[in-house]
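Single-structure report; data block below.
The values are calculated or read from the model by the stated rules, or taken from the named source; none is laboratory data. Small disclaimer: the values here were computed from a predicted structure and weren't measured. Glycine gets a Cβ as well: all are built from the backbone with ideal geometry, and neighbour counts include every protein chain shown.
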Amino acid sequence: GESVGLHLPTLSVQEGDNSIINCAYSNSASDYFIWYKQESGKGPQFIIDIRSNMDKRQGQRVTVLLNKTVKHLSLQIAATQPGDSAVYFCAEASLYGQNFVFGPGTRLSVLP
Amino acid sequence: ETGVTQTPRHLVMGMTNKKSLKCEQHLGHNAMYWYKQSAKKPLELMFVYNFKEQTENNSVPSRFSPECPNSSHLFLHLHTLQPEDSALYLCASSHEPRTGQRTGELFFGEGSRLTVL
């Protein structure tokens with residue numbers, strides 16, 4: 001399930017630090033956004049989602065921020081752990097549609 | 001486990017072969033999807049099935065042929081593929097309401113890694 005060969009942006013953080021992964025989306029009509037995590041050898045796993053009527057949503061150790069004005073989405077991971085090392089994808093969609101459009105992904109590397 | 005099972009996990013085939021990828025979901029969802037993840041592009045939607053009916057064909061070449069016999073099973077039949085078709089093929093499922101807003105996300109399988117020689 002790895003994105004082998006993709007020249008992905010890479011974010012390296014020290015274990016215990018906070019991580020911020022950014023995503024720009026393209027369709028101003030999108031009103032549903034999701035972050036997925038893809039570990040090596042696995043398929044994408046759901047992390048957190050947010051609807052366009054919200055600016056912020058929190059989960060366990062993760063926070064998603066949505067700025068509709070500039071079409072920007074971010075994922076914040078608190079106290080990053082080695083198990084957080086993976087490729088992270090954002091996806092945009094309509095609440096009434098099924099065409100999920102995925103971003104290119106960001107590779108997060110957690111340094112010991 | 002995500003509840004979406006794909007087989008085989010790895011497949012190597014020649015350009016003249018015919019093979020099939022299989023996906024089964026155990027989540028009671030009514031929509032299933034095929035996505036392609038290649039080394040050069042982000043996840044690309046290929047096909048969508050709602051309640052066993054194909055609702056999206058994202059300009060996919062005819063050498064890829066989907067089949068959805070019921071809401072739990074999805075196949076991708078492959079024939080006369082090209083080396084550039086080598087990629088990870090991901091199946092996903094979701095619950096889609098007949099009317100109104102969606103209630104959740106896509107659930108992905110682990111993927112089938114295809115290599116075309």
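A few remarks follow.
- Hits in region B:17-56 (condition: in a loop (DSSP other than H, G, I, E, B), in contact (Cβ under 8 Å) with a residue 60 or more places away in the chain and surrounded by fewer than 13 Cβ atoms within 10 Å (Cβ to Cβ)): B:Gly28
- Within region B:68-83, if we keep just the residues that are touching a strand residue (DSSP E or B) at 6+ places or on another chain (Cβ under 9 Å) and free of Cβ contacts under 8 Å to residues at least 40 places away in the same chain, the residue that is surrounded by the fewest Cβ atoms within 10 Å (Cβ to Cβ) turns out to be B:Pro69.
- Number of residues in region A:16-38 that are of a type in the set (Gly, Ala, Ser), buried (at least 16 other Cβ atoms within 10 Å of the Cβ) and modelled with pLDDT under 95 equals 1.
- B:His29, sole failed condition from (1) more than 25 Å from A:Thr106 (Cα to Cα); (2) touching a strand residue (DSSP E or B) at 6+ places or on another chain (Cβ under 6 Å); (3) at the interface with chain A (Cβ under 8 Å from one of its Cβ atoms); (4) of a type outside the set (A, V, I, L, M): (3)
- Residues located in region B:82-115, provided they are at pLDDT below 95 and either among the aliphatic types (A, V, I, L, M) or in contact with a Cys (Cβ under 7 Å, 6 or more places away or on another chain) (or both): B:Leu106
- Residues in region B:20-30 that are at pLDDT 95 or above and under 15 Å from the mean Cα position of the chain (by Cα) were compared, and the one that is farthest from B:Gly104 (Cα to Cα) is B:Ser20.
- Contacts under 7 angstrom Cβ, first residue in region B:93-106 being facing another protein chain (nearest Cβ under 9 Å), partner among the polar types (S, T, N, Q), 6 or more apart: B:Glu96/A:Gln98; B:Glu96/B:Asn30; B:Glu96/B:Asn50; B:Gly104/B:Ser94; B:Glu105/B:Ser94; B:Leu106/B:Ser94
Each row is one residue, and each column tells you yes or no for (1) of a type in the set (Ser, Thr, Tyr); (2) more than 13 Å from every other protein chain (Cβ to nearest Cβ).
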residue: A:Ser19; (1), (2): yes, yes
residue: A:Pro44; (1), (2): no, no
residue: A:Asp55; (1), (2): no, yes
residue: A:Arg61; (1), (2): no, yes
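- Within region B:73-104, the set of residues being among the polar types (S, T, N, Q) and more than 29 Å from A:Ser30 (Cβ to Cβ) comprises B:Thr80, B:Gln82, B:Ser86.
- The number of residues in region A:39-56 being over 10 Å from the mean Cα position of the chain (by Cα) and crowded, with 17+ Cβ neighbours inside 10 Å comes to 3.
Condition check ((1) surrounded by 14 or more Cβ atoms within 10 Å (Cβ to Cβ); (2) away from chain B (no Cβ under 14 Å); (3) in contact (Cβ under 8 Å) with a residue 12 or more places away in the chain; (4) within 19 Å of A:Val13 (Cα to Cα)) across all residues:
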{"position": "A:Gln58", "(1), (2), (3), (4)": "no, yes, no, no"}
{"position": "A:Leu65", "(1), (2), (3), (4)": "yes, yes, no, no"}
{"position": "A:Ala78", "(1), (2), (3), (4)": "yes, yes, yes, yes"}
{"position": "A:Pro82", "(1), (2), (3), (4)": "no, yes, yes, yes"}
{"position": "A:Val87", "(1), (2), (3), (4)": "yes, no, yes, yes"}
{"position": "A:Val101", "(1), (2), (3), (4)": "yes, no, yes, no"}
{"position": "A:Val110", "(1), (2), (3), (4)": "yes, yes, yes, yes"}
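- Which listed residue, of B:Gly14, B:Gly109, is surrounded by 18 or more Cβ atoms within 10 Å (Cβ to Cβ), in contact (Cβ under 8 Å) with a residue 60 or more places away in the chain and in contact with a strand residue (DSSP E or B) (Cβ under 8 Å, 6 or more places away or on another chain): B:Gly109
- None of A:Ser85, A:Ser19, A:Ser30, A:Ser74 is more than 13 Å from the chain's Cα centre (by Cα) and polar (S, T, N, Q) except A:Ser30.
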